[in-house]
Amino acid sequence: MLSMIGLLGGLALLIILTMKGMNLLIAAPLSAIFVALLNGLPLFPQMAAEGEVNFLTNYMTGFSGFIASWYLMFLIGAIFGKVMEDSGAAESVSKWIVSKIGMRNGVIAVVLACAVLTYGGVSLFVVAFAVYPMAISLFKEANLPRRFIPAALAFGSTTFTMTSAGSPEIQNWIPIEFLDTSPYAGWEVSLIVAIFMMLFGYWWLRRMIVKAVANGEHFEERDTDHHETRTALPHPGLSLIPLLVVLVISFIFHDSLKQSALIVALTSGVLTTYLLNRKYFSNFGKAVTEGTVGAIIAIANTAAVVGFGGVVKGTEGFTHAVSFITNIPGSPLIGGALAVCIIAGLTGSASGGQSIALPLLAPHYLDMGVNPDALHRTVAIASGSLDSLPHGGYVVTTIRSIAGETHKDAYPAFGALTVVVPILGVILAVVLFSLGM
């Protein structure tokens with residue numbers, strides 16, 4: 001019981017501290033220490049027996065492991081976003097979109113840009129870096145409250161695209177190893193659920209923005225924004241080419257290079273932006289520097305939460321929680337969805353929820369004769385729900401590091417679109433699969 005109190009209390013503490021604005025580099029280890037103490041874990045390796053779990057080793061293994069895996073992607077992705085901004089390419093694309101679909105449709109432009117890049121295999125974090133400058137320009141043109149930008153970025157990236165059939169994102173590929181399925185598993189149900197999430201989520205986002213505008217909210221500029229009025233911008237056609245280069249190269253090399261394909265694709269995007277638009281840059285060197293600093297802050301925040309998850313996974317309480325969750329009676333689809341949802345929430349990671357639950361769930365459910373395609377799609381969609389609680393690495397990175405917002409202002413809309421909408425999508429998927437689709 002004390003172990004479970006420590007587990008849930010540590011998670012609650014992390015969420016509360018995050019919502020109150022405490023730096024994650026402090027909040028995450030503090031919360032992890034709380035979890036460790038109530039679970040009886042030694043704080044340091046010198047206090048533990050050889051091979052025994054301890055706070056410091058588990059935290060730093062998770063922290064450093066994430067940085068080792070993702071630093072170059074974060075770095076080049078942040079630089080790509082900044083050079084797109086500094087060259088005027090992002091502003092050119094945004095003005096072209098506004099001229100074609102109208103300022104009132106700037107929100108859908110942001111959502112669709114994220115959706116295209118995500119479904120093309122670009123990392124969610126990188127998508128946020130790359131599209132944010134365009135989102136700033138579009139929201140400014142339409143005079144919409146900027147606190148909704150993180151929600152628009154996340155909605156286009158983590159809902160109807162990330163976990164849908166055919167998506168090259170890792171959340172759609174992890175189940176293949178355990179269920180012997182394909183990336184297109186359950187595509188008929190996936191298509192219906194994706195359409196539902198896209199339409200319902202966009203309606204909800206627009207409703208929240210319209211209400212905010214009616215209450216007097218508007219776009220507020222900051223010192224970090226580009227204030228100068230450009231007299232010359234690159235052609236929107238040329239400005240779109242770097243995005244297409246990233247999309248095409250990541251898709252071509254996805255199978256052979258896996259996540260390393262992003263390094264090649266994003267580097268190509270930076271070089272393409274420079275070669276096509278070099279005469280339009282305000283200060284290329286400054287853009288690279290700002291991107292580098294932003295990447296370091298973003299990956300450190302995310303790694304801090306991953307470190308917390310590393311401590312959580314080493315506790316007795318977590319072991320008992322996983323055992324209980326994975327043995328929930330009733331429909332295997334409901335049990336699988338709940339297991340992945342809850343573990344993703346505890347670890348703050350969609351891929352973490354799947355990676356921990358599926359090795360335990362898959363053999364048991366497959367022996368029961370569960371349709372592997374249905375289980376694949378259900379757990380994939382489920383993984384993209386509670387992973388977006390306030391302490392999630394992607395949540396903190398997008399709201400704090402990229403958009404510069406507070407959880408108090410940005411998370412209500414963010415959570416509605418990335419937690420509630422996917423949960424409704426999971427329910428719809430279970431119902432459709434249960435009806436024999």
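Pick out the one residue from Ser92, Ser137 that is part of a helix (DSSP H, G or I), open to solvent by 20 Å² or more (accessible area, probe 1.4 Å), in contact with a helix residue (DSSP H, G or I) (Cβ under 7 Å, 6 or more places away or on another chain) and modelled with pLDDT of 80 or more.
When all the criteria are applied, what remains is Ser137.
Looking at this structure, is Val270 in contact with a Lys or Arg (Cβ under 9 Å, 6 or more places away or on another chain), assigned to a helix (DSSP H, G or I) and either open to solvent by less than 40 Å² (accessible area, probe 1.4 Å) or not charged (D, E, K, R) (or both)?
It is false that Val270 is in contact with a Lys or Arg (Cβ under 9 Å, 6 or more places away or on another chain), assigned to a helix (DSSP H, G or I) and either open to solvent by less than 40 Å² (accessible area, probe 1.4 Å) or not charged (D, E, K, R) (or both).
If Phe196 satisfies every condition in (1) in contact with an Asp or Glu (Cβ under 6 Å, 6 or more places away or on another chain); (2) open to solvent by 10 Å² or more (accessible area, probe 1.4 Å) but one, which is the exception?
Phe196 satisfies every listed condition except (1).
Do we find that Phe66 is under 30 Å from Leu25 (Cα atoms), open to solvent by 10 Å² or more (accessible area, probe 1.4 Å) and not basic (Lys, Arg) in this structure?
Yes: the conditions hold for Phe66.
Can you pull out every residue in the range 367-425 that is outside any helix (DSSP H, G or I), open to solvent by less than 10 Å² (accessible area, probe 1.4 Å) and under 24 Å from Trp187 (Cβ atoms)?
The answer is Gly384, Ser385.
Return a yes/no flag: does the range 176-188 have any residue that is out of contact with any strand residue (DSSP E or B) (no Cβ under 7 Å at 6 or more places or on another chain), within 30 Å of Asn277 (Cβ to Cβ) and either hydrophobic (A, V, I, L, M, F, W, C) or outside any helix (DSSP H, G or I) (or both).
Taking every residue of the range 176-188 in turn, none turns out to be out of contact with any strand residue (DSSP E or B) (no Cβ under 7 Å at 6 or more places or on another chain), within 30 Å of Asn277 (Cβ to Cβ) and either hydrophobic (A, V, I, L, M, F, W, C) or outside any helix (DSSP H, G or I) (or both).
Out of the range 316-333, which residues are outside any loop (DSSP other than H, G, I, E, B), out of contact with any Phe, Trp or Tyr (no Cβ under 8 Å at 6 or more places or on another chain) and crowded, with 16+ Cβ neighbours inside 10 Å?
Residues satisfying the conditions are Glu316, Gly317, Phe318, Ala321, Val322, Ile325.
The values are calculated or read from the model by the stated rules, or taken from the named source; none is laboratory data. Bear in mind the structure is a predicted one, so any value in this text is a computation, not a measurement. Glycine also receives a Cβ, built like all others from the backbone with ideal geometry; neighbour counts cover every protein chain displayed. Just so you know, the surface numbers come from the protein's heavy atoms only, side chains and all, with ligands and any DNA or RNA stripped out. Shrake-Rupley method; radii C 1.70, N 1.55, O 1.52, S 1.80 Å.
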